[in-house]
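The values are calculated or read from the model by the stated rules, or taken from the named source; none is laboratory data. Note that the structure is a prediction, hence the values are computed from the model and not measured. Here Cβ is always computed from backbone atoms with ideal geometry, including for glycine, and neighbour counts include all displayed protein chains. Only protein heavy atoms, including side chains, enter the accessible area calculation; ligands, DNA and RNA are left aside. Shrake-Rupley method; radii C 1.70, N 1.55, O 1.52, S 1.80 Å.
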Amino acid sequence: MMRHEFQPARLVTGLTALGIGGVYLLDSAGRVDVPGAWPLIALPAGLFLSGGVSALYGLVRRRRGGELPPADPDPTGRPAS
């Protein structure tokens, strides 16, 4: 299996979406009471956090010397068939 580049901003965005969806699920089940303006604050805050993580990760990668070396798809070194 080929490895892909780690993208922390996508991780933060996904966790934000899962969190908002989970709170709405709890709200529809009657477990919590969510105010109406909550998603208008939570979604942009999560996207802003994701942008900050992306900028920070780009800064760290630039300081380390740019692109990471490509991962070897087969650690044994055998050619793919």
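Okay, here's what the table says:
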item: Subset of the range 28-44 (residues that are open to solvent by less than 80 Å² (accessible area, probe 1.4 Å) and free of Cβ contacts under 8 Å to residues at least 12 places away in the same chain); result: Ala29, Gly30, Val32, Val34, Gly36, Ala37, Pro44
item: Unmet requirement for Leu25, which otherwise passes all of (1) in a helix (DSSP H, G or I); (2) at pLDDT below 90; (3) open to solvent by 90 Å² or more (accessible area, probe 1.4 Å); result: (2)
